[in-house]
Every structure is written in structure tokens, then in C-alpha cells.
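The values are calculated or read from the model by the stated rules, or taken from the named source; none is laboratory data. Remember, predicted model here, so these are calculated numbers, not experimental data. In this analysis, Cβ positions are derived from the backbone assuming ideal geometry, glycine residues included, and neighbour counts consider all displayed protein chains. Protein only, heavy atoms only, side chains kept; ligands, DNA and RNA dropped before computing areas. Shrake-Rupley method; radii C 1.70, N 1.55, O 1.52, S 1.80 Å.
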Amino acid sequence: MTIGEIINKLSLNEVATATGLDKNIKKGYVSDLLSNVMAFASADSIWITMQGHQNVVAVAVLAGLAAVIIAGGVKPEVETVDKAVSEGVILLTTNLSSFEVVGRLYELDVRGE
Amino acid sequence: MNSRQVINLEFQLKSGDFEFAGEASSQIKRIVQQIGVKPEIARRIAICAYEAEMNVIIHSQGGIIRVEILPEQTDLYVEDRGPGIDDVNLAMQEGYSTAPDHIRNMGFGAGMGLPNMARCSDEFTITSEVVVGTKIHMTIRHI
Ligand SMILES: Nc1ncnc2c1ncn2[C@@H]1O[C@H](COP(=O)(O)OP(=O)(O)OP(=O)(O)O)[C@@H](O)[C@H]1O
Ligand SMILES: [Mg+2]
């Protein structure tokens with residue numbers, strides 16, 4: 001399942017887009033604890049969080065994540081969006097809860113391990 | 001990469017500076033990627049640098065991160081100006097954190113930064129003196 005297809009199926013808002021929408025996503029990780037993401041999210045996975053501040057972008061870049069979904073209707077800060085654009089991180093938002101996002105991703109064959 | 005080539009970098013880290021938090025680590029990652037370090041190794045270097053950088057920004061009064069990139073390995077030297085860590089063994093334990101609530105609300109304070117550094121580096125040494133400061137040296141081998 002590509003990021004582009006995931007965006008369509010879950011009707012996600014693209015607040016920062018970048019190259020790589022055709023990247024195939026096999027794995028996902030959900031956590032609001034940044035060091036926990038650093039420790040356990042695999043490279044090229046999609047990350048679901050309710051954090052909206054700019055360190056989210058640094059974590060995505062450094063852990064080599066494919067995209068970030070900010071769930072639960074959380075609005076990312078302006079600085080977060082700007083940073084995502086400049087760093088080339090795909091940043092998506094949704095009013096769906098983290099639980100609902102993960103459930104729908106699982107149905108699309110995205111796995112936690 | 002030329003076998004005698006060495007890249008030295010230095011970044012000042014300011015206490016509480018969340019706006020530039022992660023900048024030093026991002027630059028370090030970019031450079032090691034550019035010189036052809038394998039993605040998985042570059043990722044480990046990035047994680048080590050990031051956790052160290054964030055700890056200096058969050059828990060200390062400021063400091064510095066120095067990087068020495070050799071053909072065979074990357075060395076990270078992190079030094080801050082205090083307040084130091086009273087019990088290093090306790091701080092190294094997964095889940096131990098003294099991060100205040102407003103920092104935890106940002107998603108820090110899982111108590112996993114130091115364990116992440118130890119796990120992602122091939123060599124890890126930490127020394128700390130109360131009031132004076134904390135020093136960390138990490139080596140990540142490229143092969
Ligand atoms: N440079 C430092 N100066 C002073 N105290 C530190 C420093 N680095 C770590 N500590 C202490 O060690 C504890 C554990 O650090 P660690 O990085 O493992 O977790 P954390 O920073 O609290 O949370 P996380 O890294 O998961 O966001 C910190 O909460 C803090 O008390
Ligand atoms: Mg930490």
C-alpha cells in the first residue's frame with residue numbers, strides 16, 4: 001500500500017507533502033513518546049501520534065520514517081508544518097483517533113512487526 | 001571516502017532551545033549519509049546524536065556536541081555545563097526520568113534516551129559530576 005493510497009483510503013489531510021508518496025508502506029508504529037519511537041519504529045514505517053510540535057519532524061527525519069499521521073484532530077503548530085516542508089517530511093492529519101487510524105491501516109496490511 | 005580523511009564538526013547546544021532541537025543531529029545524519037555510510041548505520045548515529053542533543057537541551061544548562069567522522073567509525077563527544085547526574089546507573093535505567101510535566105507533554109521523558117544511546121552505539125561511556133556536568137562518548141562503527 002503506497003502512502004498516496006493510504007491518504008485516499010483514510011481521507012487524510014496533506015498538511016506537508018514531499019516526494020515519496022509512491023513509497024510502499026509495510027509497517028507502522030503508534031506512540032506519543034518520542035524516545036520510544038526512536039527505539040522501536042522501523043525505518044520507512046508510518047508513524048501515528050498526537051504530538052503536534054516541531055520535534056515530531058526531527059524524529060521522523062532522524063528515524064528515517066516514511067510519513068507521520070497526526071491523529072485525533074490535533075493541529076500541528078505552524079513551525080511543525082514549515083519544518084516538515086523544508087525537511088521533506090510527509091505530514092498528514094486526521095480527525096480520526098489513533099485507534100481508528102491504526103485499525104484502518106491494519107486492514108490495509110500495514111503491520112506493527 | 002579517502003582512507004585518511006577525517007571530518008570534524010562541532011555544534012553548540014542551548015538549554016531549552018526547542019526550536020533548533022534536532023538540527024545538530026539532522027546535519028550529522030546528512031553528512032554521514034553523503035559520505036556513503038550505510039543507511040542503517042547512519043540511522044544509529046542519528047539516534048545517538050539526537051538523544052544526546054535533547055538531553056543537553058532539556059536537562060542541562062547547555063553544552064556542545066563534537067563529531068569526528070573517520071572512514072571506519074563515527075565518534076560523538078557530548079559535554080554539558082551541569083547540573084550533572086547524581087546517580088548515573090539509575091539514569092541509565094529504562095523508564096527513569098526527571099523530566100517535568102510540560103516537557104513530558106511534548107513527548108519527552110520516557111526515560112529511554114540514555115538506553116537508546118547505549119543500544120545504538122558500539123561503545124558508550126558516560127561520566128558525570130554533580131554541578132560540573134556530564135560527558136558522553138559514543139563510537140558507532142561503520143562496518
Ligand atoms: N545531560 C544531562 N544532564 C543532567 N541530567 C541528565 C542529562 N541527561 C540525562 N539526565 C538525567 O537522566 C534521566 C534519564 O535520561 P534519559 O535520556 O534516559 O530519559 P529522559 O531524557 O528523561 O526521557 P527521554 O529521553 O525518553 O525523552 C533524565 O530524566 C535526567 O534526570
Ligand atoms: Mg532523554
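For region B:28-54, give me each residue that is under 13 Å from the mean Cα position of the chain (by Cα), farther than 18 Å from A:A41 by Cα and not β-branched (V, I, T).
B:A52, B:E53, B:M54
Would you confirm, using the coordinates I've provided, whether B:L70 is under 26 Å from A:V57 (Cβ atoms) and in contact (Cβ under 8 Å) with a residue 40 or more places away in the chain?
Values: under 26 Å from A:V57 (Cβ atoms): no; in contact (Cβ under 8 Å) with a residue 40 or more places away in the chain: yes.
Taking the combined requirement at face value, the residue does not satisfy it.
Just checking, how many residues over region B:42-54 are facing another protein chain (nearest Cβ under 10 Å) and open to solvent by 10 Å² or more (accessible area, probe 1.4 Å)?
Total meeting the criteria: 1.
Can you tell which of B:D75, B:D86 is within 11 Å of ligand 1 (Cβ to nearest atom), out of contact with any Cys (no Cβ under 6 Å at 6 or more places or on another chain) and more than 20 Å from A:Q54 (Cβ to Cβ)?
Numbers: B:D75 fails: within 11 Å of ligand 1 (Cβ to nearest atom).
The unique qualifying residue is B:D86.
Tell me, yes or no, whether region B:9-30 has at least one residue that is open to solvent by 40 Å² or more (accessible area, probe 1.4 Å), more than 9 Å from every other protein chain (Cβ to nearest Cβ), in a loop (DSSP other than H, G, I, E, B) and away from ligand 1 (no atom under 16 Å from the Cβ).
yes
Consider B:R66 carefully, then state whether it is open to solvent by 20 Å² or more (accessible area, probe 1.4 Å), at pLDDT 95 or above and outside any helix (DSSP H, G or I).
On the way: open to solvent by 20 Å² or more (accessible area, probe 1.4 Å): yes; at pLDDT 95 or above: yes; outside any helix (DSSP H, G or I): yes.
For B:R66, the condition - open to solvent by 20 Å² or more (accessible area, probe 1.4 Å), at pLDDT 95 or above and outside any helix (DSSP H, G or I) - is met.
In region B:120-141, which residue that is more than 11 Å from ligand 1 (Cβ to nearest atom) and buried (at least 16 other Cβ atoms within 10 Å of the Cβ) is nearest to the other protein chains (Cβ to nearest Cβ)?
B:C120
How many residues, within region A:37-81, are more than 17 Å from A:S98 (Cβ to Cβ), open to solvent by 30 Å² or more (accessible area, probe 1.4 Å) and free of Cβ contacts under 8 Å to residues at least 24 places away in the same chain?
So the count comes out to 4.
Quickly run through region B:93-121 and pick out the residues that are in a helix (DSSP H, G or I) and within 11 Å of ligand 2 (Cβ to nearest atom).
Looking only at region B:93-121, we keep the residues that are in a helix (DSSP H, G or I), and these are B:101-104, B:113-120.
Result: B:I103, B:G113, B:L114, B:P115, B:N116, B:M117.
Could you grab me the full set of residues in region B:76-114 that are surrounded by 14 or more Cβ atoms within 10 Å (Cβ to Cβ) and among the small types (G, A, S)?
Within region B:76-114, B:G82, B:G84, B:A91, B:S97, B:A99, B:G107, B:G109, B:A110, B:G111, B:G113 qualify.
Just for region A:1-17: of the residues that are part of a helix (DSSP H, G or I) and open to solvent by less than 80 Å² (accessible area, probe 1.4 Å), which one is nearest to A:V89 (Cα to Cα)?
Kept after step one, since they are part of a helix (DSSP H, G or I), are these residues of region A:1-17: A:3-10.
This time we only want the ones that are open to solvent by less than 80 Å² (accessible area, probe 1.4 Å), so: A:3-4, A:6-7, A:10.
Values: A:I3: 12, A:G4: 14, A:I6: 16, A:I7: 14, A:L10: 19 Å.
Here the residue is A:I3.
Among the numbered criteria (1) touching a Ser or Thr at 6+ places or on another chain (Cβ under 6 Å); (2) crowded, with 22+ Cβ neighbours inside 10 Å; (3) not basic (K, R), which one does A:D32 miss?
For A:D32, the failing item is (2).
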